Amino acid sequence: MAAASESKTKVTLPSDREILITREFDAPRDLVFKAMTDPDLIGRWWGPRNYETVVDKMDVRPGGTWRFIHRQADGTEFAFRGEYREVVPPERIVQTFEFEPMAGHISVETATFTERDGRTLLTVRSLFASKEDRDGMIQSGMEKGLAETHDRFAELLAELREEARSGAR
């Protein structure tokens, strides 16, 4: 479970083509950045709990691509993909995001990691080609799935911090 002091995911719409997502995590930014860019950790937090996430591709460098597959209990699969445009550890990642069943509707996500007092504020600004694309993303139920994903991410960060403390003894 996430710690009671954990902040919640906030989703706002700063313009007709943008979604702004913020969440503070109780972990230093090096650890937050590592957990977001390590293919061995993605399946432990990416997506809602009722899906298995499989990393098909993840080449975290400018020009590298990523593709994650969600698998439901009945075996049904659907995937997400994108390309990394900018990777500045542990400060910033710029990547594209596309839900394969809705091919052609590509957003550009800019994630920034700001550390303060051992906690990290994750800010993700998604820019869409049109207001309709942005509204379609909001109407897809992404806020609920994102909140659950961020809760899982907070839980993973707590586990990784505990592993680091145990290993340091």
Quick one: what Rg and Dmax do you get for segment 87-169 from the alpha carbons, in Å?
-> 16.1, 53
Largest to smallest principal axis extent of the C-alpha atoms in segment 19-111, angstrom | 38, 29, 25
Dipole of segment 42-97, Cα-centred, from +1 at each Lys and Arg C-beta and -1 at each Asp and Glu C-beta, to the nearest 20 debye?
-> 80
Projected onto the charge dipole of segment 74-169 (+1 at Lys/Arg Cβ, -1 at Asp/Glu Cβ, origin at the Cα centre), which of GLN139, THR149, SER166 gives the Cα projection farthest towards the positive end?
-> SER166
Place a +1 charge on the Cβ of each Lys and Arg in the chain and a -1 charge on the Cβ of each Asp and Glu, then give the dipole magnitude about the Cα centre in debye, rounded to the nearest 20.
-> 320
Lys/Arg +1, Asp/Glu -1 at C-beta; segment 78-152 dipole; positive extreme among PRO101, SER130, PHE78 | SER130
Across the chain, how many lysine pairs separated by 8 or more positions, or lying on different chains, have Cα atoms within less than 27 Å?
-> 10
Say we join alpha carbon atoms closer than 10 Å with springs in a Gaussian network model of the chain; which of GLY82, GLY63, GLY104 then has the biggest fluctuation?
-> GLY104
Inter-label distance, nm, simple model (7 Å from Cα along the C-beta direction), ARG161/ALA129 = 4.1
Dipole of segment 8-75, Cα-centred, from +1 at each Lys and Arg C-beta and -1 at each Asp and Glu C-beta, to the nearest 20 debye?
-> 80
For MET58 and LEU121, calculate 0.36 nm times their separation in residues minus their Cα-Cα distance, and state this gained length in nm to one decimal.
-> 20.3 nm
For segment 1-72, inverting the pair-averaged 1/r of distinct alpha-carbon atoms gives a Kirkwood value in Å of 14.5
Would you please name the chymotrypsin sites (Phe, Trp or Tyr not before Pro) within segment 48-77 that are DSSP coil residues with at most 12 other C-beta atoms within 10 Å of their C-beta?
-> none
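How long are the three semi-axes of the equivalent ellipsoid for the chain, computed from the Cα gyration tensor as the root of 5 times each eigenvalue, in whole Å, largest first?
25, 19, 16
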Net length gained if the chain between GLU143 and ASP74 were fully extended (0.36 nm per residue, minus Cα distance) = 22.4 nm
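Here, each number is a calculation from the coordinates, and none is a lab measurement. It should be emphasised that the depicted structure is a prediction, and the values quoted were computed from it without experimental measurement. Backbone-built Cβ (ideal geometry, glycine too); neighbour counts: all protein chains shown.
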